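Reviewing the structure listed below.
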Amino acid sequence: MVNEISLEELQLAARNHGMPLEALRFDLTPIGLHYLLTHYDIPVVDPSSFRLEVDGAVAPTLSFTIDELRERPARDVVATMECAGNGRVHVEPHVVSQPWLLEAVGTARWRGASLAGLLEEAAVGEDAVEVLFTGLDRGIEGEEEQPYARSLPLAEALRADVLLAYEVNGVPLPPQHGFPLRLLVPGWYGMTSVKWLSRITVLTSQFDGYQQRHSYRLRQDESEAGEPVSRIQPRALMAPPGIPEFLTRARTVEAGAVELEGRAWSGEAEVAGVEVSVDGGETWAEAELESDRLGRWAWRRWTFVWDAQPGEHELCCRARDGGGGTQPLDPPWNVGGYMNNAVQRVPVTVTE
Ligand SMILES: Nc1nc2c(c(=O)[nH]1)N[C@H]1C(S)=C(S)[C@@H](COP(=O)(O)O)O[C@H]1N2
Ligand SMILES: [Mo]
């Protein structure tokens with residue numbers, strides 16, 4: 001085995017579960033099947049004493065209870081969220097961190113108040129450049145004790161679809177997804193959507209915290225500053241066809257017409273098409289792509305009818321978006337193992 005997984009990585013993987021890929025068949029991921037990534041511990045929050053504080057370059061500073069946020073106009077956004085580390089175990093040399101295969105994704109209907117509306121009320125100063133979001137969870141990372149905190153450029157924070165979300169799929173946020181309040185930034189990798197959100201700080205200079213300065217940057221070498229990770233790159237995934245073998249997960253299907261199905265998404269630009277290869281990426285054919293009936297920020301369903309002949313096959317799929325973005329055949333490498341959107345490969349045995 002090239003990529004050996006350590007006990008420490010198993011410890012992370014047991015806490016931070018992925019979405020089983022057969023759940024690509026659901027439009028909305030049942031919330032217990034949505035992927036989960038928590039750097040530190042899941043905090044226990046008493047909603048009656050919870051306050052969201054808004055401070056920094058604002059006049060005046062504001063404070064909201066959850067009920068006050070619920071009284072504001074509500075907005076629903078169906079968003080596909082994906083961890084920037086999705087695909088990490090496929091990069092070489094091995095990057096030690098949460099060892100995602102391809103399951104760090106999910107799609108949910110989030111409900112909340114508009115961040116832009118709240119920032120308008122807070123009268124953001126003219127010299128503001130970024131908005132910082134701080135969660136209630138604390139830990140130690142890179143030898144620095146910190147709350148989980150990330151910033152967004154002001155223009156991104158003012159987008160109409162950025163939510164202060166208190167509900168998901170029609171129920172209050174469960175503890176592991178940020179109860180009672182989280183940020184939701186559609187189109188950006190998951191690290192941006194700060195859970196257990198308790199403070200919003202308008203900044204007049206760029207945030208320099210660990211999760212901004214060190215983590216989530218594309219670097220070929222630890223000494224580089226690197227570019228920040230932001231929007232979700234295009235990706236298509238297929239629901240594994242047929243039935244699995246228990247241990248290896250190897251797939252078996254019966255010969256004949258097999259309908260392959262999956263989902264495709266991109267945070268950069270709308271998905272423009274999906275292609276399927278049934279010969280390990282040698283040749284490609286266009287899949288049928290459904291409409292964007294779930295909205296701009298949600299994955300789109302695709303199907304492809306495969307005339308499966310007995311023998312061993314490797315199925316692949318890849319998405320392209322309207323901005324010219326596509327998926328490489330081989331995984332890109334960087335220090336953090338981020339943004340690996342190389343094509344999925346699914347070995348299948350076809351029986352008579
Ligand atoms: N407060 C806080 N917010 C957080 C995190 C965290 O550890 N703490 N993890 C981030 C990362 S890396 C991801 S991918 C998403 C995962 O959201 P989910 O667990 O609801 O799927 O939350 C983000 N928000
Ligand atoms: Mo993540």
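List of remarks:
- Karplus-derived 3J(HN,Hα) values for segment 153-162, using 6.51 cos²θ - 1.76 cosθ + 1.60 with θ = phi - 60°, are x, 3, 4, 6, 5, 8, 4, 4, 8, 7 Hz; glycine and proline are entered as x.
- The sum of -39500 (n - 2.57) across all DSSP H runs of n ≥ 4, divided by the residue count of the chain, sets its helix-only mean residue ellipticity at 222 nm to -2000 deg cm²/dmol.
- Within a Gaussian network of the chain (alpha carbon springs, distance under 10 Å), most fluctuating of Thr80, Thr38, Thr248: Thr248
- Using equal-weight Cα scatterers in the Debye expression, the normalised intensity of segment 1-115 in log10 at q = 0.14, 0.15, 0.18 Å⁻¹ is -0.80, -0.87, -1.03.
- With a simple spin-label model that places each label point 7 Å from the Cα along the Cα-to-Cβ direction, the separation between Arg25 and Trp333 comes to 3.9 nm.
- Segment 206-292: Rg to Rh, with Rh as the Kirkwood radius over Cα pairs: 1.13
- Mean projection area, nm², convex hull over Cα of segment 138-192: 4.8 nm²
- For the pair segment 39-68 / segment 257-326, the C-alpha centres are spaced 41 Å from each other.
- Globularity index of segment 164-227 is 1.37 (Cα radius of gyration / 2.2 N^0.38 Å, N = number of residues).
- Principal axis dimensions, largest first and in whole angstrom, of segment 40-101 by Cα: 50, 28, 26
- Accessible area (Å², 1.4 Å probe, nearest 10) - Ile66: 20 Å²
- Gyration tensor over the Cα atoms of segment 239-352: the corresponding equivalent ellipsoid has semi-axes (square roots of 5 times the eigenvalues, largest first) of 26, 18, 13 Å.
- In plain terms, the chain from Arg51 to Ala285 could stretch by 79.0 nm, reckoned as 0.36 nm per residue minus the Cα-Cα distance.
- Secondary structure note: in the chain, about 90% of the DSSP beta bridges are antiparallel.
- Distance cut-off 24 Å, percentage of C-alpha pairs in segment 7-228 lying past it: 43 percent
- Per-residue SASA remark: Val305, around 100 Å² accessible (1.4 Å probe; ligands, DNA and RNA not included).
The values are calculated or read from the model by the stated rules, or taken from the named source; none is laboratory data. Values in this document were obtained by computation on a predicted structure and should not be read as measured data. Every residue, glycine as well, gets a Cβ built from its backbone with ideal geometry; the counts of neighbours run over all protein chains shown. Only protein heavy atoms, including side chains, enter the accessible area calculation; ligands, DNA and RNA are left aside. Shrake-Rupley method; radii C 1.70, N 1.55, O 1.52, S 1.80 Å.
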